[in-house]
Amino acid sequence: MANFVLVHGAWHGGWCYRETARILRARGHEVFTPTLTGLGEKAHLAHYGITLETHVRDVLGTIEAEELSDVILVGHSYGGMLITGAADRIPEKIKSLVYLDAFVPENAQTLNGIIRATLPPEIAAIFINGFHDAARANASGMMNPVPAELFNIAEKNRAWVDRRCVPQALATFEVPMLLRGGGDKVAKRTYVLADGWDPSPYRWFAARYEKDPRWSVQKLPCSHDIMVDMPAELADLLAKEA
């Protein structure tokens, strides 16, 4: 059986993996769904000084505290930044990396910088200006969540997602990811594209890695929140990683 660490994306919490984790655990796997500092049930710890590094350390802390090895490390959306950072530091403990409709940073890239690099300028500006507008509206350096409807999350799940998502520090999108090349030692990599919404910056990654023999690219006809709208299908896909 496998050790899964499922890392959520921006504004979310470990709660979003509830059904996928339940299915994997029922099959005998060990599953951990850490919530990042300042989000989910840790929203009371939120402040503008939380950065990308804070959240990378959250992921590392889970792996260390649970004394895990041979980890299948999964990151959704913003979580792709975090699993890249974690794998860079402890590649010997990572069996495979799975990016769920996620960003895959290179050295010194910020999340907003990746958006600028992967989307047409007019669409990139909508995303980035929206993040800054959300932070200004919050008046505390915290970005209000993007509404579930904009990610085409299934209508039956939108109220739940909107209710559970909380503001996140803008700094997490603007601090660069500093890498040393350690993550290159993780040989197994999978990219899962959510193929049911646009405009998506993640199509750029799927197209790029389809041509790379080191990667496996999968697609699900789904909204951005794969684990919310297709939890069973995601569990099946992840079980194959084991």
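Taking Leu82 as the residue in question, decide whether it is touching a Ser or Thr at 6+ places or on another chain (Cβ under 7 Å), open to solvent by less than 10 Å² (accessible area, probe 1.4 Å) and in contact (Cβ under 8 Å) with a residue 40 or more places away in the chain. So Leu82 does not fit the description; no.
Listed here are the residues, each with its yes/no results for (1) part of a loop (DSSP other than H, G, I, E, B); (2) open to solvent by less than 60 Å² (accessible area, probe 1.4 Å); (3) within 15 Å of Leu100 (Cα to Cα).
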residue: Phe173; (1), (2), (3): no, yes, no
residue: Leu179; (1), (2), (3): yes, yes, no
residue: Trp197; (1), (2), (3): yes, yes, yes
residue: Tyr209; (1), (2), (3): no, yes, yes
residue: Leu234; (1), (2), (3): no, yes, yes
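Being part of a helix (DSSP H, G or I) and buried (at least 22 other Cβ atoms within 10 Å of the Cβ) is the filter here; which residues of the range 22-55 pass it?
Result: Leu24, Leu52, His55.
Just one residue in the set Arg163, Arg208, Arg203 is farther than 29 Å from Val71 by Cα and free of Cβ contacts under 8 Å to residues at least 12 places away in the same chain; that residue is Arg163.
Summed over the range 56-103, residues that are assigned to a helix (DSSP H, G or I), out of contact with any His (no Cβ under 9 Å at 6 or more places or on another chain) and under 17 Å from Leu179 (Cβ atoms) total 14. Scanning the range 141-157 for residues that are assigned to a helix (DSSP H, G or I), open to solvent by less than 60 Å² (accessible area, probe 1.4 Å) and over 27 Å from Trp215 (Cα atoms) yields Ala148, Asn157.
What are the residues in the range 104-124 that are open to solvent by less than 40 Å² (accessible area, probe 1.4 Å), outside any loop (DSSP other than H, G, I, E, B) and out of contact with any Pro (no Cβ under 9 Å at 6 or more places or on another chain), if any? Correct list: Asn112 only. Restricting the range 7-21 to residues that are farther than 25 Å from Ala134 by Cα and open to solvent by 10 Å² or more (accessible area, probe 1.4 Å), the residue that is nearest to the chain's Cα centre (by Cα) is Arg18.
The values are calculated or read from the model by the stated rules, or taken from the named source; none is laboratory data. Given the structure is predicted, the values throughout are model-derived calculations rather than measurements. Cβ: placed from backbone, ideal geometry, glycine included. Neighbour counts: every protein chain shown. Remember, those area values only see protein heavy atoms, side chains included, never the ligands or the DNA or RNA. Shrake-Rupley method; radii C 1.70, N 1.55, O 1.52, S 1.80 Å.
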